[in-house]
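Enquirer: Please find one structure pasted underneath; my questions will follow.
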Amino acid sequence: MTRRFLVLAPVLAALAAPPPVSAARPDWRACGDGFQCATLPVPRDWARPGGARIGLSLIRLPASRPGPGRTRSLLVNFGGPGASGVTSLRQAGPLLRAATRGRMHVVSWDPRGVGESAPIRCPEGNDAFYDADPAAPEGLAAMAAAVRERAAACVARHGRWLGLIGTDQTVRDLDAIRAAVGDRRATFLGLSYGTRVGSVYAQTFPRRVRAMVLDGNMPPVSTVTSVSIGLASAFEGGLDEYVRRCARAADCPLGPDPAAGWDEIAARLRADPPVVPGTGGRRLTIGLFNQVTLALIINYQGSSGAAGAAIAEYRRTGDPTALYELGSAIAGGRRPDGSYATNGTETFQFINCLDWQDRPTPAQVAATAGSVRGVAPRLGAFGVAFAMMGSTACPVPPRPVPPISSDAIPPVLLVGNANDAETPLANSQEMGQALRGSRLLVWRGMGHTAITTSPCVARIAGRYLLTRALPPVGATCPDRPLD
């Protein structure tokens, strides 16, 4: 056993025996548009359940057709890591409630450190990080400096709290929410990184799982390096698929030859990034354009339409404003005063630092980015740097998630997309091998995750969440046009 595992052993032992959770019920209050909000106190550190507490920010969309008995809750983690469940449920809640026929309350939360749940806020370095060109050596150097600056600011501001926001702690928060809403066993939906939350929860509390849908799976066993290489291929494959589909459209935002159209914009922004009017000299950079391109190809809740409209306006008028505003909104919501609306960038970096053990150097990131250039020339370096660079500046030791080994986990419904631009179908197939007895539903469409995009997936997944009836082996859902 290495010294690293000797250091981790007391922490892992303390977390191995699940502590009791509070039976207190959330004090739900109306918070607009039919939603209800509450704050749930949980231990700041689940290894010390009697110590200091934090408040988790919860949101609920009540069932519209509750049955005659007790109404279950569907608990949802929207991924990231670093996505606000409160914000995300306001967007996706009606779709998820419809998928369960209005029979379940739909509940989400800001995970610890995120949004309004004892948030980590240290956006130092964000501007340089998002403006940089990861395909250029100077861009990678700027990103490496930016994540170091962010880490230093976060340590100074938050200290030990940075080590308590990982998935190992979040799954215990999830169990506390399950108990608080009054469910003996959890009914859970995890999207993207939320599939890691779900699978680790199932491994930790296998007999507390009633039904679970994992949509857009992360691989059950991975390193930050392997995930980064997979992301590079997924980004490139997503852009290739978008180009193929867009070429058949009469009004493709990238023009009649969409691959050439993308290349033209990228070359122009690299050569001379335009100043955006009214921003005090801010420029539309290739880094921000990469963010818009990602929104274009993940097709999440209409993101393809919004990104396509901004790209089309820039090609038509030369005005970079719409493209800049969308890129800035995606990259944490930069405000005119330099502050950021969300803290997803910080939490993405430090949750990944906790969940994965490998600690690459900036030189290794650069080498990995170079290694994928042949198979992913447009977005490969972006994919590598997007996932990997934050782990070069980890101020806390890892608290890695456990592999899946329990035989007590009930049948889980896995959803994979044949053209997912972030989590390839192979990930869901690997998750299926780890979660014995699970069933894989494949969507033949394009985008990242499926339940909020494919009515077919929503119908099948909703039926399973209500009845626990799995679809037949080999079930698929058909393609649908881009939004």
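The values are calculated or read from the model by the stated rules, or taken from the named source; none is laboratory data. Everything numeric in this text was worked out from a predicted model, so none of it was measured. Here the Cβ positions follow ideal geometry from the backbone for every residue, glycine too, while neighbour counts run over all protein chains shown.
Enquirer: Go through region 101-154 residue by residue and tally those that are among the hydroxyl-bearing types (Ser, Thr, Tyr) and under 25 Å from Ala363 (Cα atoms). If you could, list the steps in order and put the result at the bottom.
Expert: Applying the first criterion (among the hydroxyl-bearing types (Ser, Thr, Tyr)) to region 101-154 yields 108, 117, 130.
Still in the running and under 25 Å from Ala363 (Cα atoms): 130.
Residues meeting the conditions: 1.
Enquirer: Let me ask something else about it. Can you tell me which residue among Pro94, Pro137, Pro119 is closer than 20 Å to Gln349 by Cα and not polar (S, T, N, Q)? So that I can check it myself, show each step before the final result.
Expert: On the way: Pro94 fails: closer than 20 Å to Gln349 by Cα; Pro137 fails: closer than 20 Å to Gln349 by Cα.
The unique qualifying residue is Pro119.
Enquirer: For region 46-76, name all the residues that are in contact (Cβ under 8 Å) with a residue 60 or more places away in the chain and either surrounded by fewer than 15 Cβ atoms within 10 Å (Cβ to Cβ) or acidic (Asp, Glu) (or both).
Expert: Passing the criteria: only Arg70.
Enquirer: Further, regarding this structure: Which of the residues belonging to region 130-146 are assigned to a helix (DSSP H, G or I) and in contact with a Gly (Cβ under 7 Å, 6 or more places away or on another chain)?
Expert: Of region 130-146, the ones assigned to a helix (DSSP H, G or I) are 130-131, 137-146.
Those that are assigned to a helix (DSSP H, G or I) and in contact with a Gly (Cβ under 7 Å, 6 or more places away or on another chain): Tyr130, Asp131, Ala146.
Enquirer: Can you say whether Thr39 is of a type outside the set (A, V, I, L, M, F, W, C) and at pLDDT 95 or above, as far as the supplied structure shows?
Expert: Details: of a type outside the set (A, V, I, L, M, F, W, C): yes; at pLDDT 95 or above: yes.
Judged against the criteria, Thr39 is a match.
Enquirer: While we're on this one: Using the structure shown, decide if Ala142 is in contact with a helix residue (DSSP H, G or I) (Cβ under 7 Å, 6 or more places away or on another chain) and either among the small types (Gly, Ala, Ser) or closer than 24 Å to Leu294 by Cβ (or both). Let's see the steps before the verdict.
Expert: Details: in contact with a helix residue (DSSP H, G or I) (Cβ under 7 Å, 6 or more places away or on another chain): yes; either among the small types (Gly, Ala, Ser) or closer than 24 Å to Leu294 by Cβ (or both): yes.
Yes, satisfied.
Rundown of residues vs (1) surrounded by 21 or more Cβ atoms within 10 Å (Cβ to Cβ); (2) in contact with a Pro (Cβ under 8 Å, 6 or more places away or on another chain); (3) part of a strand (DSSP E or B); (4) not small (Gly, Ala, Ser), yes/no style:
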position	(1), (2), (3), (4)
Arg148	no, no, no, yes
Ala151	yes, yes, no, no
Gln169	yes, no, no, yes
Val213	yes, no, yes, yes
Val221	no, yes, no, yes
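Enquirer: Is there any pair linking a residue in region 432-450 that is on the phi < 0 side of the Ramachandran plot to one that is among the basic types (Lys, Arg), with Cβ under 6 Å and at least six apart or on different chains, and which?
Expert: That search, which allows pairs on different chains as well, returns Gly445/Arg480.
Enquirer: Moving on. Any residue at all in region 214-235 that's of a type in the set (D, E, K, R) and touching a strand residue (DSSP E or B) at 6+ places or on another chain (Cβ under 6 Å)?
Expert: Taking region 214-235 as the starting set, the residues that turn out to be of a type in the set (D, E, K, R) are 215.
Keeping just the survivors that are touching a strand residue (DSSP E or B) at 6+ places or on another chain (Cβ under 6 Å) gives 215.
Scanning region 214-235 turns up at least one residue that is of a type in the set (D, E, K, R) and touching a strand residue (DSSP E or B) at 6+ places or on another chain (Cβ under 6 Å).
Enquirer: Ok, one more. Return the pair list, or none, for Cβ contacts closer than 8 Å from residues in region 133-156 that are in contact (Cβ under 8 Å) with a residue 40 or more places away in the chain to residues that are of a type in the set (Val, Ile, Thr) and outside any helix (DSSP H, G or I), at least 6 apart or on different chains.
Expert: Asp133/Thr285; Cys154/Ile120
Enquirer: Farther than 23 Å from Gly230 by Cα and touching a residue at least 12 places away in the same chain (Cβ under 8 Å): does that describe Leu466?
Expert: Details: farther than 23 Å from Gly230 by Cα: yes; touching a residue at least 12 places away in the same chain (Cβ under 8 Å): yes.
Spelling it out, Leu466 is indeed farther than 23 Å from Gly230 by Cα and touching a residue at least 12 places away in the same chain (Cβ under 8 Å).
Enquirer: Quick check, is Gly79 part of a loop (DSSP other than H, G, I, E, B), of a type outside the set (Lys, Arg) and buried (at least 22 other Cβ atoms within 10 Å of the Cβ)?
Expert: Details: part of a loop (DSSP other than H, G, I, E, B): yes; of a type outside the set (Lys, Arg): yes; buried (at least 22 other Cβ atoms within 10 Å of the Cβ): yes.
In short, yes.
Enquirer: Can you name the number of the only condition in (1) surrounded by 23 or more Cβ atoms within 10 Å (Cβ to Cβ); (2) of a type outside the set (Lys, Arg); (3) without any contact (Cβ under 8 Å) to a residue 60 or more places away in the chain that Gly102 fails?
Expert: (1)
Enquirer: With respect to Ala421, determine if the residue is under 17 Å from the mean Cα position of the chain (by Cα), among the small types (Gly, Ala, Ser) and in a helix (DSSP H, G or I).
Expert: Numbers: under 17 Å from the mean Cα position of the chain (by Cα): yes; among the small types (Gly, Ala, Ser): yes; in a helix (DSSP H, G or I): no.
Against the criterion (under 17 Å from the mean Cα position of the chain (by Cα), among the small types (Gly, Ala, Ser) and in a helix (DSSP H, G or I)), Ala421 does not qualify.
Enquirer: Moving on. Say whether the condition of being surrounded by fewer than 18 Cβ atoms within 10 Å (Cβ to Cβ), over 17 Å from the mean Cα position of the chain (by Cα) and in a helix (DSSP H, G or I) is met by at least one residue in region 251-259. Even if it seems obvious, please write down each step before you answer.
Expert: As a first pass, look at region 251-259 and keep what is surrounded by fewer than 18 Cβ atoms within 10 Å (Cβ to Cβ): 251, 256-257, 259.
When the remaining residues are screened for being over 17 Å from the mean Cα position of the chain (by Cα), the result is 251, 256-257, 259.
Then keep just the ones that are in a helix (DSSP H, G or I); that gives 259.
Scanning region 251-259, I find at least one residue that is surrounded by fewer than 18 Cβ atoms within 10 Å (Cβ to Cβ), over 17 Å from the mean Cα position of the chain (by Cα) and in a helix (DSSP H, G or I), so the answer is yes.
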